[in-house]
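Beneath this line is the structure, given in structure tokens, with notes to follow.
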Amino acid sequence: MFRSALMTVMTEAARKASKGLIRDFGEVENLQVSMKGPGDFVTAADRRAERLLVDQLSKARPGYGFLNEEGGEIIGSDASHRWIIDPLDGTTNFLHGIPIFAISIGLERDGQLIAGLVYNPISDEMFHAEKGKGAYVNERRLRVANRRELETSVIGTGIPTLNRPDHPGFMKELTAVMRQTSGVRRLGAAALDLAYVAAGRLDAFWERGLNPWDMAAGILLVREAGGYVTDLTGGQDMFKTSDVVCGNEFMTRELRTLIANARKTG
Ligand code: IPD
Ligand code: CA
Ligand code: CA
């Protein structure tokens with residue numbers, strides 16, 4: 001498969017950073033038994049991966065800016081390009097030895113997403129997309145599922161944790177969705193949830209309270225796989241509202257309506 005110079009840069013950076021994450025993931029399992037909590041160790045692994053990504057991408061594309069989970073915003077001399085990076089999406093899984101986590105790299109040009117990569121180093125699945133060129137996992141082209149009924153669909157979501165607001169509101173949404181579908185999944189890595197929608201593994205996905213680095217690459221993957229991505233009002237302000245709904249056109253609309261109606265009920 002032909003891979004552009006840009007995608008080669010992105011995949012090489014992700015592969016390099018993944019080596020450290022794989023080593024550290026193996027180490028976490030030992031730490032689980034030897035220490036009270038491997039939290040600090042994981043934070044260090046996360047930061048190491050981010051530094052390596054910034055280093056590699058800056059060398060290959062000097063001047064591009066960054067919006068990173070750990071290091072925040074880095075303003076570049078090239079005002080039109082910005083990388084949006086989560087060096088480790090699925091930290092809680094990583095910490096618990098669950099092999100569902102990913103490196104996520106998105107690239108914006110003048111505020112538009114033009115490239116995205118989500119890499120799970122354990123399954124060695126590299127999801128990647130460039131604007132107008134389609135979405136792929138490794139060498140295989142991706143299409144969102146074409147299912148048009150909720151009853152047989154499997155829907156991904158993110159469950160708010162202890163430090164997140166509005167647990168009762170989420171329970172309303174979940175109740176509405178579980179009543180009408182074949183199943184709800186919580187992978188624990190939003191970047192992979194979006195990649196799984198692009199791959200047609202999940203029919204749709206919704207989550208509130210996400211950050212741009214959780215979604216940037218995944219949004220482009222879904223779009224390039226022929227899917228739709230909106231915020232919960234049907235707009236395109238996912239980075240501002242922090243929420244996202246996606247799937248094929250029909251499922252995105254159905255899920256958004258279901259969630260809006262769930263909120264109206266007492
Ligand atoms: C988290 C994961 C999780 C989602 C959380 C995110 P992190 O990112 O994507 O699935 O539910 O909202 O913060 O902390 O593992 O990078
Ligand atoms: Ca992270
Ligand atoms: Ca994340």
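The values are calculated or read from the model by the stated rules, or taken from the named source; none is laboratory data. Just so we're clear, the structure is a prediction, and the values are computed from it rather than from any experiment. In this analysis, Cβ positions are derived from the backbone assuming ideal geometry, glycine residues included, and neighbour counts consider all displayed protein chains. Accessible surface areas use protein heavy atoms only, side chains included; no ligands, DNA or RNA. Shrake-Rupley method; radii C 1.70, N 1.55, O 1.52, S 1.80 Å.
Candidates in the stretch 75-95 are the residues that are over 19 Å from the mean Cα position of the chain (by Cα) and part of a loop (DSSP other than H, G, I, E, B); of these, the one that is farthest from ligand 3 (Cβ to nearest atom) is Ser77.
Taken over the stretch 57-74, residues that are more than 16 Å from ligand 3 (Cβ to nearest atom) and assigned to a loop (DSSP other than H, G, I, E, B) amount to 3.
Among Met10, Met1, which is the only one that is under 18 Å from Tyr119 (Cβ atoms), touching a His at 6+ places or on another chain (Cβ under 9 Å), among the aliphatic types (A, V, I, L, M) and in contact (Cβ under 8 Å) with a residue 12 or more places away in the chain? Steps first, please.
Values: Met1 fails: touching a His at 6+ places or on another chain (Cβ under 9 Å).
That would be Met10, the only listed residue that is under 18 Å from Tyr119 (Cβ atoms), touching a His at 6+ places or on another chain (Cβ under 9 Å), among the aliphatic types (A, V, I, L, M) and in contact (Cβ under 8 Å) with a residue 12 or more places away in the chain.
Those residues that are in contact with a strand residue (DSSP E or B) (Cβ under 7 Å, 6 or more places away or on another chain) and within 23 Å of Glu130 (Cα to Cα), I need them from the stretch 223-242; list them, please.
Step one: list which residues in the stretch 223-242 are in contact with a strand residue (DSSP E or B) (Cβ under 7 Å, 6 or more places away or on another chain), which gives 223-225, 227-232, 236, 238.
Of everything in the stretch 223-242, those that are in contact with a strand residue (DSSP E or B) (Cβ under 7 Å, 6 or more places away or on another chain) and within 23 Å of Glu130 (Cα to Cα) turn out to be Arg223, Glu224, Ala225, Gly227, Tyr228, Val229, Thr230, Asp231, Gln236, Met238.
Checking every residue in the stretch 109-116 against the condition of being at positive phi, modelled with pLDDT of 95 or more and either open to solvent by 70 Å² or more (accessible area, probe 1.4 Å) or of a type in the set (Lys, Arg) (or both) gives at least one match. For the stretch 67-81, a residue qualifies if it is more than 16 Å from ligand 1 (Cβ to nearest atom) and surrounded by 16 or more Cβ atoms within 10 Å (Cβ to Cβ), and the qualifying residues are Gly76, His81.
Scanning the stretch 42-59 for residues that are over 17 Å from Phe25 (Cα atoms) and open to solvent by 40 Å² or more (accessible area, probe 1.4 Å) yields Arg51, Asp55, Gln56, Ser58, Lys59.
Rundown of residues vs (1) open to solvent by 30 Å² or more (accessible area, probe 1.4 Å); (2) in contact with a Phe, Trp or Tyr (Cβ under 6 Å, 6 or more places away or on another chain); (3) farther than 25 Å from Leu113 by Cβ, yes/no style:
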site	(1), (2), (3)
Ala135	no, no, no
Arg140	yes, no, no
Arg143	yes, no, no
Gly156	no, yes, no
Ile159	yes, no, yes
Pro165	yes, no, yes
Gly169	no, no, yes
Glu173	no, no, yes
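Checked against the criterion of being in contact (Cβ under 8 Å) with a residue 60 or more places away in the chain, open to solvent by 10 Å² or more (accessible area, probe 1.4 Å), under 25 Å from Leu117 (Cα atoms) and out of contact with any His (no Cβ under 6 Å at 6 or more places or on another chain), the stretch 197-204 has at least one qualifying residue. Residue count for the stretch 214-226 under the criterion of being assigned to a loop (DSSP other than H, G, I, E, B) and either within 16 Å of ligand 3 (Cβ to nearest atom) or open to solvent by 10 Å² or more (accessible area, probe 1.4 Å) (or both): the result is 1. Report every pair of residues separated by at least 6 positions or lying on different chains whose Cβ atoms are under 9 Å apart, first residue within the stretch 208-222 and under 15 Å from Gly134 (Cβ atoms), second part of a loop (DSSP other than H, G, I, E, B). Going by the 9 Å Cβ cut-off, the qualifying pairs are Leu220/Lys131; Leu221/Leu142; Leu221/Ala199; Leu221/Gly227; Val222/Val144.
Within the stretch 85-114, residues that are farther than 23 Å from Arg185 by Cα and in the same structural domain as Arg23 (by TED's automatic domain parsing) have Cβ atoms under 9 Å from residues that are part of a strand (DSSP E or B) and open to solvent by 50 Å² or more (accessible area, probe 1.4 Å) in these pairs: Gly106/Arg82; Leu107/Arg82; Glu108/Arg82; Arg109/Arg82; Asp110/Ala79; Gly111/Arg82, counting only partners at least 6 apart in sequence or on another chain.
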